[in-house]
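The values are calculated or read from the model by the stated rules, or taken from the named source; none is laboratory data. Being a predicted model, the structure only gives us computed values, none of them experimental. Note that each Cβ is placed from the backbone with ideal geometry, even for glycine, and that neighbours are counted across all protein chains shown. Please note that ligands, DNA and RNA were not included when accessible areas were found on the heavy atoms of the full protein model with its side chains. Shrake-Rupley method; radii C 1.70, N 1.55, O 1.52, S 1.80 Å.
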Amino acid sequence: MKIVLTADVENVGKAGDIVNVKSGYGRNYLIKQKLGVLGTKENIRKAEAHKARLAKERVEAHQAAVELAQQIDASELIIKERAADDGTLFGSVTNKNIAEALEKDLGISVDKRKIELAEPIRNVGKFAVKIKTTAGVEGKLTVIVTRKK
């Protein structure tokens, strides 16, 4: 029996897949639980059109992520913090500080969880920070931490 899955089903397939299953499993579980619909010509055509649309959206999202990563690579972010004479910050610069400064200074909106810092920045200096974009593409932002005067 052909079933067009409407949701991801473990060990069977992902949403939009056309799968062959035993008729009892298809009728009594997949269709009743609204995890799939009967594999008619119309439903199969809709599923294939939906898959094509998703593939196109995925390509567009990847392209946008690459452009964002290039914009991040070309950017420098200057953060001014209070620091001692030896260059040690009184506080620290965290993912949240970097995300807020990116939004404010450069107009780039990035989730703070996508900013990879091994540990918070605690000294004045120049640092390379990895930022993951939505499609798994990474950009390297140059963060310059200076002393407030």
Expected-Rg normalisation [2.2 N^0.38 Å, Cα atoms] applied to the chain: 1.65
24 Å Cα-Cα threshold exceeded, pairs from Lys51/Lys112; Lys51/Lys114; Lys2/Lys51; Lys96/Lys140: Lys51/Lys112; Lys51/Lys114
Theoretical gain in end-to-end length, Thr146 to Lys32 [0.36 nm per residue, Cα-Cα removed]: 34.8 nm
Within the accessible area of the chain (1.4 Å probe), percent carbon and sulfur: 49
Where GluC sites (Glu not before Pro) fall in DSSP loop in the range 1-82, at most 16 other Cβ within 10 Å: Glu10
Residues Lys114 and Glu57, FRET efficiency given R0 of 25 Å [Cβ-Cβ distance, rounded to 0.05]: 0.80
Whole-Å distance, taken between Cα centres, linking the range 74-88 and the range 5-69: 49
Summed side-chain charge close to Ala49 - residues other than Ala49 whose Cβ falls under 12 Å, Lys, Arg +1, Asp, Glu -1: +3
Whole-number accessible area per residue in Å² for the chain, which is evaluated in the context of all protein chains at 1.4 Å: 67
Principal-axis tilt of helix 41-73 within the chain, Cα atoms, nearest 10 degrees: 10
Counting DSSP beta bridges with both ends in the chain, the antiparallel % (nearest 5): 75
